[in-house]
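Here is the structure we will look at, set down as structure tokens.
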Amino acid sequence: MNFQLTPEQQEVRALARDFAEREVAPVIHRFDEAQQFPHEIVAKLAGTGLMGALVPEEYGGAALDYVSYALAVEELNRVDASVGITMWAHNSLCTNHIALFGTREQKERYLPRLARGEALGAWGLTEPGSGSDAAAMRSRAERQGDHFVLNGSKAFITNAGVSEVAVVMAVTDPARRQKGISAFILDKGLPGFTAGRPYRKLGLHASNTAELHLDNVRVPAGQLLGEIGQGFVNTMEVLDGGRVAMAAMAVGIAQGALDQALKYMKQRSAFGRTLAEFNGLQGMIADMGTEVEAARLLTLRAAALRDAGRPAKLAASMAKVFASEVAMRAATKSLQIHGGAGYITEFPIERIFRDAKLTEIGEGTSEIQRMVIARDILGFRGA
């Protein structure tokens, strides 16, 4: 095992950290309070090349390895999770699905614009009545000659209302359940394809999350992404990479919570001493630091397995469930260290605390991750 980052990986981490501290940290609280999508920040982020993190160079992307990508996701989320999730959902889900399974024509048409950040991507799997049981989706795609007609809706879709391109899953053969699901690339402005009003959420206030509605959306058969009936199978591979990114998001949030706790403890005094001098609080910091580092190592291990072309499903689930729960614990402890100050919006920890919860839900809940992990350990790999 080699724990040393390459010079290139260190450069990517430094790039993401500098951008987050310089362009995001000073202004993001305004977007969070207004529940407003930060178009200006995302446009500047596109200039770093990180919006094309996983896109091959031939299509204008950065073609980062997964370790570099995980480091970039961590650094953005360390400062703000709304910007972080906007970036990685665009990369890991919509863009990567096209990069992995698109035809040459589809890649040439969509990937350069997505990589440059000229178009944001959304990805529609979850529905109002099918979350963890994705195979129970009700959206339908009916073949009519050389076109498909799509009907249904998708729920909790990141970037739904600000995206130019969306990959959505729909049932093409109901009798075959998950083997009858297919994926399609949809462009903004198609008749019948609309986004709902943004949700008002507990956290991630500056991230756009909404429903996608499909009302007799007619698309050429050429918009089918991957083979017909293979949408669910392909989705599982996309989600494996997405879970690495969600784990990296959680590590970033946890590190951000730890950063804020350290800053506050060194500044705040009580009984003639700084909070950093109290043994009880030092113990909390020790636990937080140890858990954050363990979560980071699990996440980078899953990323390294993907880079090596080795199976990473189990590692990704382990990283995701552990890192997400570390993020929630770290945010809770950091807020407790802040005391009353942590409960008001003047301090970033209040926002970090609200944002952390999503990591235990998105990209497969903690309960689903434990089921994946247990089945692998028990040898139920076909289940």
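The values are calculated or read from the model by the stated rules, or taken from the named source; none is laboratory data. Here the structure is a predicted model, which is why all the values come from computation and not from measurement. FYI the Cβ positions are ideal-geometry reconstructions off the backbone, even for glycines, and counts take in every protein chain you see. With ligands, DNA and RNA removed, areas are computed over all heavy atoms of the protein, side chains included. Shrake-Rupley method; radii C 1.70, N 1.55, O 1.52, S 1.80 Å.
Using alpha carbons only, how many degrees (0 to 90, rounded to 10) separate the axis of helix 366-378 from the longest principal axis of the chain?
Taking Cα atoms only, the helix is inclined about 80 degrees.
What number in nm² do you get for region 195-352 if you take the convex hull of its Cα atoms and divide its surface by four?
Projected over every direction and averaged, the Cα hull of region 195-352 covers 12.6 nm².
Where does each of 153-161, 89-97, 16-24, 368-376 land if you order them by average Cβ count within 10 Å, highest first?
89-97, 153-161, 16-24, 368-376
Of all DSSP beta bridges located in region 87-205, what percent are antiparallel, nearest 5? Before the final figure, lay out each step's value.
Numbers: 13 of 18 bridges.
Antiparallel bridges make up about 70 percent of those DSSP assigns within region 87-205.
First measure r as the distance between the Cβ atoms of residue 188 and residue 14, then evaluate 1/(1 + (r/R0)^6) with R0 = 41 Å and state the FRET efficiency to the nearest 0.05. Spell out each step's value before the answer.
Numbers: r = 34 Å, r/R0 = 0.84.
Once the sixth-power term is evaluated, E becomes 0.75.
Give me the distance between the Cα centres of region 36-75 and region 296-316, rounded to whole Å.
One Cα centre to the other: 20 Å.
Would you mind putting 174-187, 64-77, 239-252 in packing order, based on average other-beta-carbon counts within 10 Å, highest first?
239-252, 64-77, 174-187
Within the accessible area of region 226-366, what % is carbon and sulfur when the probe is 1.4 Å and the other protein chains stay in place? Could you put the intermediate results ahead of the total?
On the way: 3480 of 5940 Å².
The nonpolar share, carbon plus sulfur, comes to 59 percent.
For region 97-149, state which trypsin sites (Lys or Arg not before Pro) are in a DSSP loop and have at most 16 other beta carbons lying within 10 Å of their beta carbon.
Numbers: sites: 104, 107, 109, 113, 116, 138, 140, 143; in loops: 138.
Within region 97-149, the qualifying trypsin sites (Lys or Arg not before Pro) (loop, at most 16 other Cβ atoms within 10 Å) are 138.
Provide the net charge surrounding residue 136, with neighbours chosen by a C-beta distance below 10 Å and charges set as Lys +1, Arg +1, Asp -1, Glu -1.
After counting each charged neighbour, the total is 0.
Give me the compactness ratio for the chain, meaning the Cα radius of gyration over 2.2 N^0.38 Å. All intermediate terms of the calculation are to be shown ahead of the outcome.
On the way: Rg = 20.8 Å, N = 383, 2.2 N^0.38 = 21.1 Å.
Ratio of Rg to 2.2 N^0.38 Å for the chain: 0.99.
Only sites in a loop by DSSP and with at most 11 other Cβ atoms within 10 Å count here; which GluC sites (Glu not before Pro) in region 279-364 make the cut?
Within region 279-364, the qualifying GluC sites (Glu not before Pro) (loop, at most 11 other Cβ atoms within 10 Å) are 346.
I'd like the carbon and sulfur percentage of the solvent accessible area for region 1-134, probe radius 1.4 Å, heavy atoms only, ligands and nucleic acids excluded. Mind dumping the intermediate values first?
Numbers: 2690 of 5550 Å².
The computed percentage sits at 48.
If all Cα-Cα distances of region 235-312 are sorted into 5 Å bins from 0 onward, what percent lands in each bin, rounded to whole numbers?
Each 5 Å bin holds this share of Cα pairs: 3, 15, 19, 17, 12, 10, 9, 7, 5, 3, 1, 0.
Just to verify a number: FRET efficiency for residue 30 and residue 378, C-beta to C-beta distance, R0 = 35 Å, to 0.05? Let's see the in-between values first.
Details: r = 49 Å, r/R0 = 1.41.
Efficiency computed from Cβ-Cβ geometry: 0.10.
Counting only heavy atoms of the protein chains, get the accessible area per residue of region 279-324 (1.4 Å probe) and round it to a whole Å² value. Don't skip to the end; give the middle numbers.
Values: 2100 Å² over 46 residues.
Averaged over the residues of region 279-324, the accessible area is 46 Å².
When a/c reaches 1.5 or more, the comparison of a/b and b/c decides; with that in mind, is region 180-235 rounded, prolate or oblate per its Cα gyration tensor?
It comes out oblate by the Cα gyration axes.
³J(HN,Hα) across region 70-84 via Karplus (A = 6.51, B = -1.76, C = 1.60, θ = phi - 60°), whole Hz, x for Gly/Pro?
Values, residue by residue: 4, 5, 5, 4, 4, 5, 5, 6, 4, 9, 7, 7, 5, 5, x Hz.
Region 71-225: percent of C-alpha pairs farther apart than 27 Å? Could you put the intermediate results ahead of the total?
Working: 2388 of 11935 pairs.
When every Cα pair of region 71-225 is considered, 20 percent fall beyond 27 Å.
Work out the FRET efficiency for residue 39 and residue 177 from their Cβ-Cβ distance, taking R0 = 56 Å, and round it to the nearest 0.05.
Working: r = 40 Å, r/R0 = 0.71.
Result of the calculation: an efficiency of 0.90.
Can you give the accessible area per residue of region 101-199, in Å², using a 1.4 Å probe?
45
In debye, nearest 20, what is the charge dipole magnitude of the chain about its Cα centre with +1 on Lys and Arg Cβ and -1 on Asp and Glu Cβ, if you could check?
Approximately 640 debye in magnitude.
List the GluC sites (Glu not before Pro) within region 182-272 that DSSP assigns to loop and that have no more than 15 neighbouring Cβ atoms inside 10 Å.
227
If the cut-off is a Cα-Cα distance under 17 Å, which aspartates and glutamates reach residue 320, setting aside same-chain residues fewer than 8 apart in sequence?
Within the straight-line cut-off, residue 320 pairs with 74, 75, 237, 240, 291, 293, 355, 360, 363, 367, 376.
Around residue 204, which amide H atoms from residues at least 5 apart in sequence, or from another chain, sit under 5 Å from its own amide H, with H modelled in the peptide plane?
Those lying under 5 Å, H to H, from residue 204 are 355.
Step through the residues of region 289-302 one at a time and calculate ³J(HN,Hα) from phi using the Karplus curve (6.51 cos²θ - 1.76 cosθ + 1.60, θ = phi - 60°), rounding each to whole Hz and writing x for Gly and Pro.
x, 5, 5, 4, 5, 5, 5, 5, 5, 4, 5, 5, 5, 4
For residue 116 and residue 104 in one chain, what is 0.36 nm times their gap in residues minus the Cα-Cα distance, to one decimal in nm?
Working it through step by step, the gained length comes to 2.5 nm.
Explain nothing, just the number: relative contact order of region 235-383, from Cα pairs under 8 Å at least 6 residues apart, as a whole percent.
With pairs under 8 Å counted, the relative contact order is 33 percent.
Given axes a ≥ b ≥ c from the Cα gyration tensor, I'd like to know whether region 30-160 is rounded (a/c under 1.5), prolate (a/b larger than b/c) or oblate. Walk me through the numbers before you get to the answer.
Working: a/c = 1.95, a/b = 1.28, b/c = 1.52.
Oblate.
Using the Kirkwood radius over Cα pairs, work out the Stokes-Einstein diffusion coefficient for region 5-70 at 37 °C and 0.692 mPa s, in µm²/s as a whole number. Mind showing how you got there, number by number?
On the way: Rh = 13.0 Å.
It comes out at roughly 253 µm²/s.
Starting from the Cα of residue 266, draw a straight line to each of the lysines and keep only those under 28 Å, dropping any in the same chain fewer than 8 residues away.
Candidates past the 8-residue exclusion: 333, 357.
Quick one: grab the alpha carbon gyration tensor of region 170-263, order the square roots of its eigenvalues as a ≥ b ≥ c, and give me rounded if a/c is under 1.5, else prolate or oblate depending on whether a/b is larger than b/c.
Since a/c reaches 1.5 but b/c is at least a/b, the shape of region 170-263 is classed as oblate.
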